[in-house]
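Structure record follows, encoded as structure tokens.
The values are calculated or read from the model by the stated rules, or taken from the named source; none is laboratory data. Since the model is a prediction, treat every value here as computed from it, not as a measurement. Note that each Cβ is placed from the backbone with ideal geometry, even for glycine, and that neighbours are counted across all protein chains shown.
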Amino acid sequence: MSSEHLSGSGDLFLLSAPSGAGKTTLIHGIRERIADEGELVFSVSHTTRGPRAGEVDGRDYHFVDAAAFQQMIAGDAFLEWAEVHGNYYGTSRQAVIPFLAAGLDVIVDLDVQGAERLMHAFPTAHSIFVLPPGYADLVRRLGGRGLDDPEQVARRLAVSRWEIRRYESYQYVIVNDDLERASRALAAIVLEKRQRRARQQSRIDRVLADFERSGGADPGS
Ligand code: ADP
Ligand code: 5GP
């Protein structure tokens, strides 16, 4: 896949973690935490997995059947897609590109295979890996969530053992020990990117124009 051109756009954040490490909780939390600082768009993926209790079609995922998913692959609708835990998951162009083009930041929750593909396609993307504090915590969280059947939990735990070793592909690692601390760390990464001079040019221009208009004497003259 060729590199996508992102000049002048919002920032793209790629977030991966073993299932149950807390990605969804962190993403939900950070969008509320930084709401006053401007929107962070969540890229709603397509999946062939069935909805869990409480999940809403179009908000958490676009839930589709295998035929619809294959049709989207054939129509080149995805930036990336992968088979994860026996189901298909994909990030559509539509879920990402229009928002970036409008200058908004976008966060994508995706597995390590998909993240590595998007890192190549979007070299300016910021990649973050979330680790649970330990294996027993992951077991507890997956069980405690109570939304996957025992076979799915076992599958997710087995996959987690190789997923965590892919952390080296990512620029940032957050250990999700204490939720408040981990959530602050994620917010810090997103907010730091927003303070870059290049991101703030139109705001800077407004401040400078305001000074121009105020017409004060130049102390050097
Ligand atoms: P993921 O999206 O990575 O699969 P979730 O966000 O659904 O994971 O989190 C899995 C479970 O762990 C949820 O029940 C969530 O409330 C819990 N959880 C998330 N972060 C923490 C944390 N720091 N400490 C304790 N429990 C957590
Ligand atoms: P879950 O079924 O627990 O919601 O997600 C299972 C796995 O699929 C997680 O690792 C999650 O990050 C990943 N995933 C969710 N959406 C996408 C996507 O659009 N693309 C890819 N490659 N993985 C995804």
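Give the stretch 144-155 a look and list any residue that's out of contact with any helix residue (DSSP H, G or I) (no Cβ under 6 Å at 6 or more places or on another chain) and under 12 Å from residue 19 (Cβ atoms), or say none.
If the condition is that a residue be out of contact with any helix residue (DSSP H, G or I) (no Cβ under 6 Å at 6 or more places or on another chain) and under 12 Å from residue 19 (Cβ atoms), then 145, 147, 148, 152, 154, 155 are the ones that fit.
If we scan the stretch 84-95, do we find a residue that is out of contact with any Ser or Thr (no Cβ under 8 Å at 6 or more places or on another chain), over 26 Å from residue 175 (Cβ atoms) and at pLDDT 95 or above?
Within the stretch 84-95, one or more residues are out of contact with any Ser or Thr (no Cβ under 8 Å at 6 or more places or on another chain), over 26 Å from residue 175 (Cβ atoms) and at pLDDT 95 or above.
So which residues in the stretch 98-127 are under 24 Å from residue 192 (Cβ atoms), small (Gly, Ala, Ser) and more than 14 Å from ligand 1 (Cβ to nearest atom)?
Across the stretch 98-127, the qualifying residues are 101, 102, 103, 121, 125, 127.
From the list 139, 153, 130, which residue is closer than 21 Å to residue 186 by Cα and within 16 Å of ligand 1 (Cβ to nearest atom)?
Testing whether each residue is closer than 21 Å to residue 186 by Cα and within 16 Å of ligand 1 (Cβ to nearest atom) leaves just 130.
In the stretch 13-70, which residue that is hydroxyl-bearing (Ser, Thr, Tyr) and in a loop (DSSP other than H, G, I, E, B) is farthest from ligand 1 (Cβ to nearest atom)?
So, considering only residues that are hydroxyl-bearing (Ser, Thr, Tyr) and in a loop (DSSP other than H, G, I, E, B), the one farthest from ligand 1 (Cβ to nearest atom) is 48.
Residue pairs, Cβ under 7 Å, 6 or more apart or interchain, first in the stretch 14-28 and within 18 Å of residue 125 (Cα to Cα) and in contact (Cβ under 8 Å) with a residue 60 or more places away in the chain, second within 6 Å of ligand 1 (Cβ to nearest atom) and assigned to a loop (DSSP other than H, G, I, E, B). List them.
Note: pairs meeting the criteria are 23/17.
So, restricting to helices (runs of 4 or more DSSP H) that lie completely within the stretch 128-221, which ones have at least 3 residues that are within 22 Å of residue 114 (Cα to Cα) and of a type in the set (A, V, I, L, M, F, W, C)?
Answer list for the stretch 128-221: 150-163, 179-194.
Of the residues that make up the stretch 42-63, is at least one over 25 Å from residue 163 (Cβ atoms), more than 10 Å from ligand 2 (Cβ to nearest atom) and either at pLDDT below 95 or among the polar types (S, T, N, Q) (or both)?
The answer is no; no qualifying residue exists.
Looking at the stretch 79-127, which of its residues are in contact with a His (Cβ under 9 Å, 6 or more places away or on another chain) and either of a type in the set (Gly, Ala, Ser) or part of a strand (DSSP E or B) (or both)? Break it down into steps so the answer makes sense when it comes.
Just the residues of the stretch 79-127 that are in contact with a His (Cβ under 9 Å, 6 or more places away or on another chain), to begin with: 81, 88-92, 95, 111.
81, 88, 89, 90, 91, 92, 95, listed by residue number.
Quick check on the stretch 79-89. Is at least one of its residues surrounded by fewer than 19 Cβ atoms within 10 Å (Cβ to Cβ) and within 30 Å of residue 193 (Cα to Cα)?
Within the stretch 79-89 (the criterion being surrounded by fewer than 19 Cβ atoms within 10 Å (Cβ to Cβ) and within 30 Å of residue 193 (Cα to Cα)), the answer is yes, since at least one residue qualifies.
Residue 171 versus (1) polar (S, T, N, Q); (2) touching a residue at least 12 places away in the same chain (Cβ under 8 Å); (3) exposed (fewer than 10 other Cβ atoms within 10 Å of the Cβ): which is the lone unmet condition?
Residue 171 satisfies every listed condition except (3).
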